[in-house]
1. Which whole-number percentage describes the relative contact order of the range 280-502, with Cα contacts under 8 Å and a sequence gap of 6 or more?
2. Once the Cα atoms of helix 79-102 and of the chain are each reduced to a long axis, what angle between those two axes, in degrees from 0 to 90 to the nearest 10, is obtained?
3. Would you mind putting 7-15, 425-433 in packing order, based on average other-beta-carbon counts within 10 Å, highest first?
4. How do 206, 5, 191 line up, fewest other C-beta atoms within 10 Å first?
5. Of the listed peptides 407-420, 285-298, 32-45, what is their order by residue-averaged count of other C-beta atoms within 10 Å, with the highest listed first?
6. Using the count of nearby Cβ atoms within 10 Å as a rough guide to exposure, how do 305, 399 rank from fewest to most?
7. Which whole-number percent is the relative contact order of the range 90-243 (Cα, under 8 Å, 6+ apart)?
8. Roughly how many whole Å is it from the C-alpha centroid of the range 64-112 to that of the range 178-204?
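Just so you know, all these numbers are worked out from the coordinates, no wet-lab data involved. These numbers were taken from a predicted model, which means no experiment stands behind them. In this analysis, Cβ positions are derived from the backbone assuming ideal geometry, glycine residues included, and neighbour counts consider all displayed protein chains.
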């Protein structure tokens, strides 16, 4: 086996092997468990860097194994895969640091970190899957690996949230499997191919292909939290903060959105999907999800649930970009896959810090917290401003490209949707920022009898990750034209070589 075949397997194994070892460790082996977690995360990021440099230089990485006649396990590290792999590898390292600090004295840590590693293993498999069979295997592994994380605390509320999550995602998996089997009967094994594989086929019923598209998109749309398939996401917020960060920024919802991109661009092909009349309905569903998620977020008093409905809205920006027929819209959707992850993980890290340090879980408990936890609150403010699309943040880049794509495609209604969503983002984030920085200190916070004057920042392992990701939110804007920026990589994927802002 050559190095180019081995490297994708090493990227997957860098979290799989530590995770399997961690399952066997006694709870008191804190140092060894933390060391395995960090070694796996650093190894994955390093291997991803090697693969990223090779892909940019034109090297092809892939692994192929025939499971049965006509069925292959196939991994390939194309530029689209590397966009998702790089995001997941980088954010997994920060989430690992955060989780080590967050769960420092919690029970069942070996079980937690074992499934935590399996979750990222599944995400890597999804990103580098070269066909629908491989994609499905790791897509379902992700479902099974994340369920124990959601129910980790074992409370009735956690079990209820996990049951809802499992019900939705298993139904989604069944729909996806039905679509894959049907498509396989029509055209054989479906390998992801740039430009799609269906347009060149002759004699295949367009009606059947439309129904298959509905099944496939519904299957991945559950994890992408498309309306009306989104009900599991707010319920899953009973999970610990590191799991919420993983669900929203690194793994589950991104796996769904990534699946939509693969299906539209590399199974159907964007031109053929447009000719079948599939893109406008897809964009319409994304638009409804964007507005509905924003409206629901506006009325959530619980901080994590407000962030959860914000995710419902924000992830559909990616799918709206797919539904916009044109390069600029595609760039906007792809770059938002990265930018949303960076911004949302910042917000969930900060929400966890507020809960652990001051006992804050609700928006109306956040008065004056900016003066009590100024660094955490600064990071939260940057993440929130990014979600609004404020200048100097990653969100401004995504929304600018999406709006340009909509205008170029003659989809003026999509521009209005994006504008309305930005206004709603402001409506549910600005009151939080006002409470943080300008409201007087309360009589007491849940974890304090008297709100002492001065700082009470959280432990450094909990503080460092959101500060770094908040810095990345700004850096993604300031260095957007750099060769290794998410925007430059998104342009590389769609074949755009110009470097001007839209």
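1. Relative contact order comes out at 27 percent.
2. Around 20 degrees separate the two axes.
3. Most protected by this proxy first, the peptides run 7-15, 425-433.
4. The order, fewest Cβ neighbours first, is 206, 5, 191.
5. 285-298, 32-45, 407-420
6. 305, 399
7. This gives 28 percent for the range 90-243.
8. Distance between centres, Cα-based: 28 Å.
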